[in-house]
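Undergrad: I have a structure here, written as structure tokens, and I will follow up with some questions on it.
Nothing in this text is a laboratory measurement; each read-out follows from the coordinates by a stated rule. This structure is a prediction, so every number in the text was calculated from the model and none was measured. When we count neighbours, we look across all protein chains shown, and the Cβ atoms used for this are built from the backbone with ideal geometry, even at glycine.
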Amino acid sequence: MDGLRYGFVTYQRARDAWSAVEASSSFPQYDVGFGGRRAFCRQSYADLDGLEAKHTERAYYGEARPRPIKKDDDLSYEQLLQKMKRDLGQRKRDRKS
């Protein structure tokens with residue numbers, strides 16, 4: 001590393017990471033790359049921010065994880081809105097009975 005300063009950024013969405021890499025040409029003093037932390041550091045996985053341990057601990061103690069979002073790609077916006085209204089109406093009717 002020869003006294004150089006470096007850092008790693010993790011993005012939640014891949015498109016944000018790609019945007020950062022594409023915009024990096026505006027900052028020639030920085031060498032921006034996509035991925036490769038393990039090769040750069042020459043070590044196996046290390047949980048640098050502690051998030052993996054936090055999620056693993058939650059899963060171990062049985063706390064609920066967020067459910068994956070179902071995609072209704074075949075439906076238009078209006079159809080999705082009508083479906084949501086029907087579902088909400090059904091839930092209200094179920095609560096009353």
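Undergrad: Each label point is 7 Å from the Cα along the Cα-to-Cβ direction; what then is the distance between the points at residue 19 and residue 75, in nm?
TA: According to this spin-label approximation, the distance is 2.8 nm.
Undergrad: Now for a different question. Taking the Cβ of residue 93 as the centre, find all other residues whose Cβ is under 12 Å away and add up their charges (Lys, Arg: +1; Asp, Glu: -1). Can you show the working numbers first?
TA: Working: positive: 86, 91, 92, 95, 96; negative: 87, 94.
Once all neighbours under 12 Å are counted, the net charge is +3.
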